Structure formats: structure tokens, C-alpha cells
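The next block holds one structure in the form of C-alpha cells; read it before the comments.
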Amino acid sequence: MTALPHEIDAMRRALELAAAPDVQFRGNPRVGAVILSPDGNLIGEGAHRGAGTPHAEVAALASASESTVGSTAVVTLEPCAHVGRTGPCVDALLAAGIARVVFAQSDPNVIASGGAQRLRDAGIQVVSEVLSTQSSRLNQAWTYAVTRGRPYVTWKVATTLDGRIAAADRTSRWITSEESRADVHEFRRSVDAVLVGRGTVLADDPQLTVREGSHVLDPEFQPLRVVMGEGELDQGLRIFDETAETLWLRTHSVDEALSTLHERGVRHVMLEGGPTLASAFLAAGAVNAVRWYTAPAILGAGHHAVGDFGVGSIGEMCRLTQTEVTLMGVDVRITGLMSSAHTDSSREKF
Ligand code: AOF
Ligand code: ZN
């Protein structure tokens, strides 16, 4: 069964709706849904807004301006078949009298999947994989994490031209431009957790919260702050303040840290330096993507962004793929993906 042209247009709208909410998803995917009347008119639409809130189909059904009996639901993710924090969307669609379901990405989450089959079993027409690449791209980190059972890791770095993150006396404010810093805050807002090493906490006493100008977002909209490392940490440090939740992982093991975070529902981690933690993650093949800000400044001495992670010769150099270069005020931002040679095979890009 294939999708009709107006259903493909509706899927584009559903993808737009999925991308729109500016909230913390807390480990959940972005999902959008549109309801089409039997004669093809858009009669309802909705989007998911993060863990604990209604799923997109339920939001779209609730917004319907007329009876949904005999209508078509166009959804960016396979409707769920499980009782999670909310009830199964399959049941909601059946109760609403939906006759046909068109969806994009199959749900890679084994707990929630099986919805398409349940709908077919109930006699509903089901069309799958419509613009599914767009949906999985929108949920790249989530899809990777749910498929692999490990969080997706984006390493963020801010350096001088000579690759240094701090001067010899450890001072580091501010190497990059205001535009770069605002961009980091925006990106932080999109991840589930921000991870630093104990060394960075001791050296910089960072707060690691998302701010908009001078306004610090409410704790419920903040990503989880995670500090990794054994040894003492004073509870008076800013990372332990009330502005957001903080998790202290008393381990040096990258795998252990990532498993713990996955168990807690973290799907996308932003790794925020310093060099010891960055090297450990790179050596473990645990970095999936890089977000590198370079300022037109030179230090000549001081601390490097990353230490030795096992590259001995130029052929082993870590080169990024799918790179994008963007100006950030006077800085340059380079984003890219780690090549599969530098990503643990179990973490390869899907
Ligand atoms: C859908 N529609 O809008 C979303 C779905 O425990 P919960 O309720 O937060 O469920 C989360 C899981 O449900 C998530 O991992 C994914 O498999 C699916 N998300 N499914 O039918 C939606 N957000
Ligand atoms: Zn659902």
C-alpha cells in the first residue's frame, strides 16, 4: 500500500509539527501527527512535547474539529502499542474510529513497537515508511540510542586557533565569541544531559545550565548535569546548586557511565571537556558527533582540547565526515560526525 499525494503533504506538515516544540524532550522522540477527514481535509494536528506529555496522535485527535470516524492519521513515528507514561496510541486511534494510518519511521523502541501490526490486525489500512528518513534524521540521537542501547554523544569544544581551551594559569573566560556561547546554550537545551569531568568542575566551577540572556531556565527545562570521576567534590560547587538536577558518576569507565545514563533515559549527551575526559571518550570510540568552535586567537601555551587517544600515525587520524562550517560572529563552528573507524563498531552510525 502506498501513500497518496495529499498524505505525503500531510506528512510534511506532521514533520514540521514534530520539529517545532521548543521544550526538553527528556529522552523522548520528536513526533508530529495530522488527522485527515475521509475527503482529505486537515481536521486536526498535534505534536508530542516530551516525556510525560500526550503523544502526538492523542494531541491531534483531541484537536479535531469534526468527527474522526473514517479519517486518516498521518504520524511521523509508528503509533505505540504500549502503556508507558501514557496509554497506547493504537487504542486511542481505534477508539476514534480511524480507518487508515500513514506513518514515517518504524518505532525502534522494542517496548513501544508493534503498533503497525496491531492496527493491521484490527482491520485498519496501514502505510509505513513514508518520508521515514526525514523522521529518523529529526530524531538522529534518539534513534541511534534506542537502536544501540547507548546514548548518542556529541563532543563540544571551544578553542583558540592553536587548539587550546585555557591559558597556562587555567583561565579560560572567554575564548569564544558571544555568538558561539549563545549557540552552545541553544544546543545544550536540546540534549538530555551535559557531561563534564571532575577536573573541569574543580578548575572552572561551571554551572552548566541553559540561560537565555541573563535568564536561567526553570529546572524542569534544564538538561541533567553529569560530573564523572572519583575523588572528592565540594557540595558547595555551582554544579550542585538548585538550578538543575545533577548526577555524580563516581567512575572513570566510559562504558559504565554511558550505561548508567541510558538506564536513566538519557538519549543524547553533550560532552563538554576537558582533555582527559575527551581522550577517554575518543579512545573508547564513544563520540558520535563533534561541535567545534574556533576563535581567532592564539595562546601559544596552556591546555589543549584533547590529549593522546591512540593515534600514532597520520593514517589513523580522526577525520570528521558530513562536516558543516558556520560563522559565529568572529568564530568558526565546525560540526561533523566521527568516521566509523573511530567509533566503536557497536556504535556505528545507523
Ligand atoms: C507515539 N507517539 O508521540 C511518541 C511515541 O513512556 P512514554 O509514554 O513517554 O513513551 C515513550 C515511547 O513511546 C518512546 O520511546 C517511543 O517509543 C514512543 N513515542 N509514540 O506513538 C508519540 N512520542
Ligand atoms: Zn503513543
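The values are calculated or read from the model by the stated rules, or taken from the named source; none is laboratory data. As the structure is a prediction and not an experimental result, all values here were calculated from the model. Because the Cβ atoms are built from the backbone with ideal geometry, glycine has one as well, and the counts that use them run over all protein chains shown. These area figures cover heavy atoms from the full protein model, side chains too; ligands, DNA and RNA do not enter into them. Shrake-Rupley method; radii C 1.70, N 1.55, O 1.52, S 1.80 Å.
Things worth noting here:
- Global form of the chain, assessed from the alpha-carbon gyration tensor, a/c cut-off 1.5: prolate
- Charge sum, other residues only, whose C-beta stays under 12 Å from Ala64's C-beta, Lys/Arg counted +1 and Asp/Glu -1: -3
- Comparing Gly231, Gly70, Gly52 in a Gaussian network model of the chain (Cα springs below 10 Å), the most mobile by mean-square fluctuation is Gly231.
- Summarising the amide proton neighbourhood of Tyr152: residues at separation of 5 or more, or on other chains, whose placed amide H is nearer than 5 Å comprise Ala145, His268, Val269.
- Over the chain, dividing the summed -39,500 (n - 2.57) contributions of all DSSP H runs of at least 4 residues by the number of residues returns a 222 nm mean residue ellipticity of -7500 deg cm²/dmol.
- Length added when fully stretched, Cys318-Val216, from 0.36 nm per residue minus Cα-Cα: 33.1 nm
- Whole-number accessible area per residue in Å² for the chain, which is evaluated in the context of all protein chains at 1.4 Å: 45
- Value of relative contact order over region 209-292, rounded to a whole percent, pairs C-alpha under 8 Å and six or more apart: 23
- Restricting the GluC sites (Glu not before Pro) of region 1-98 to loop positions (DSSP other than H, G, I, E, B) with no more than 14 neighbouring Cβ atoms within 10 Å leaves Glu66.
- About the centre of its Cα atoms, the chain shows a dipole size close to 380 debye [charges on the beta carbon of Lys, Arg (+1) and Asp, Glu (-1) only; nearest 20 debye].
- Whether region 145-342 is rounded, prolate or oblate, judged on the alpha carbon gyration tensor where a/c under 1.5 counts as rounded: rounded
- Cut-off 14 Å between beta-carbons: net charge of the residues surrounding Ala166, Lys and Arg +1, Asp and Glu -1: -2
- Amide H contacts of Met328 (H built 1.01 Å from N, under 5 Å, at least 5 apart or other chain): Arg333
- For region 5-138: rounded, prolate or oblate by the Cα gyration tensor [a/c cutoff 1.5]: rounded
- Percent accessible area from carbon and sulfur atoms, the chain, protein chains only, probe 1.4 Å: 51
- Sum of side-chain charges, Glu7 neighbourhood, beta-carbon under 12 Å (Lys, Arg +1; Asp, Glu -1): +2
- Dipole orientation for the chain: of the candidates Ile43, Phe309, Thr68, Phe309 has the Cα lying most toward the positive pole (charges on Cβ; Lys, Arg +1; Asp, Glu -1).
- Taking the chain and dividing mean pair separation by its residue count, relative contact order in percent (alpha carbons under 8 Å, at least six apart): 16
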